[in-house]
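See below for the structure under consideration.
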Amino acid sequence: KIGDRGLMALNALLSKTRTLIGDESPQMRLVLSKNNFTSKSFMAFVDYISDFQGIYSLDLSYCEKLGPSDIQELAEGLKTNSSLMYLDLRGIPLEKTCIGSLTQALNTNYILVCVKISTNEGIAEELIVSEIGSQFSIEAY
């Protein structure tokens, strides 16, 4: 667990990496699961990854403090990210507004191919699949 300070330090490190080697950087798998980020540090991270093209997999599973507004901001950031292929949101409660934002992002972002979510009696999976069709892999747990 890295917490808010660690996430801000990661933003700084990723920024330096981008400055040194540009957006052609090696593709990274970033595992941030089970962290308790606050909205402030998470929003700064989302702002950064919306433009950074060096992450192909992002695991945010069981980051229990992430709320609907955080997931909506993440979805907005995904619209302009062109490297992220896998996103893990298991263990994060997704409300209907979050699902709508995620489906809009998936319809805009043609790179993202797999999203892992926890279902609330299948509601989240049904909403995503009905709105985006079967071109994406939605893994519901």
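Rule-based calculations on the coordinates, nothing more; no lab input. No experiment lies behind these values; they were computed from the predicted model shown. All Cβ positions, even for glycine, are placed from backbone atoms using ideal geometry, and neighbour counts span all protein chains on display.
If the segment from GLN27 to SER118 were pulled out straight at 0.36 nm per residue, it would be longer than the present Cα-Cα gap by 30.2 nm. For the pair MET8 and LYS40, label points projected 7 Å from Cα toward Cβ lie 0.7 nm apart. When we measure straight from the Cα of LYS1, which lysines land under 25 angstrom away, once same-chain ones fewer than 8 places off are left out? Within the straight-line limit of under 25 Å, LYS1 reaches these lysines: LYS16, LYS34, LYS40, LYS65, LYS116.
Taking every Cα-Cα distance in segment 41-81 and sorting them into 5 Å bins starting at zero, the pair-distance distribution P(r) comes out as 6, 22, 35, 27, 9, 1 percent. The alpha carbon convex hull volume per residue for segment 57-103 rounds to 64 Å³.
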